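The next block holds one structure in the form of structure tokens; read it before the comments.
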Amino acid sequence: SVTVVAADDFDFKSLDFKNKDGTMTKLLNYTVASKDYTIFFDDGIYNNTDSTDYTGLSKENASYVGLNKAANGDSAVVISKNPRSGTGNANIDGKMERWIFMHKNIYIENLRFDAKGKDMYPVGGGSGSSKVPKNRGEYFFTITGGGVEKGCDGFVMRDVVLENIGADSSTEYPAFWGVDTRNKNIAINVLYNPGRVNIENLKVRNIKTTEG
């Protein structure tokens, strides 16, 4: 097990954690075959600067636990990440990438995940080369089989808050020529997952959606 101390901003996938033998492992890097670990989070905000990182927390037998609660009973730990940027596409930049879980025996307890009031990627809309298809959802959390037998079997999420998802609550109608700027901003989606999922005391709040 390792303990993480809050910082303003850092790249999750570049964080080095010390093993028992003194070697270092980038536990949250999706290219590293890490598993069987627990990360404890002290009070504070943990903001991932890699806006495209959505698989880093999905590791087999991984546990993520906030150590303390705030006065209102919610976790004193906030996990967030930067919105997408740098593509030059207005339908992508400024939007929030999802978190995805697709491995066995993942445990999450007493954490707040903040989408910073951003619309989820992709919003759709645009035309020609700027058009963004809506084939990836618009959801903040997804629990999925991920093409693996039994998928996310043994997934447990307890005392977790998903908050501030979406930038606008209004009614919009797509134009007849196919430009659709609506965004559902779904908090959680349990996609194809033949394994067992246990979710207890989940709070979902401040969700904004645009639908026609």
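The values are calculated or read from the model by the stated rules, or taken from the named source; none is laboratory data. Because the structure is a prediction, the values reported are computed rather than measured. So basically every Cβ, Gly included, is an ideal-geometry build from the backbone, and we count neighbours across all protein chains shown. These area figures cover heavy atoms from the full protein model, side chains too; ligands, DNA and RNA do not enter into them. Shrake-Rupley method; radii C 1.70, N 1.55, O 1.52, S 1.80 Å.
Computing the accessible area with a 1.4 Å probe over protein heavy atoms, can you report the carbon and sulfur percentage for segment 1-103?
50
Can you give me the distance in nm between label points at D43 and V156, each placed 7 Å from the Cα along the Cα-to-Cβ direction?
In this crude label model, D43 to V156 measures out at 2.6 nm.
Ratio of segment 35-112's C-alpha Rg to 2.2 N^0.38 Å, to two decimals?
1.25
For S170, project a label point 7 Å along Cα to C-beta. Then give me every residue of segment 96-119 with its amide nitrogen under 19 Å of that point.
Within reach of a label on S170, which here means backbone N under 19 Å from a point 7 Å along Cα→Cβ, segment 96-119 contributes 96, 117-119.
With each pseudo-label sitting 7 Å past Cα toward Cβ, what's the K35-A6 distance in nm, one decimal?
Spacing of the two 7 Å Cα→Cβ label points: 3.3 nm.
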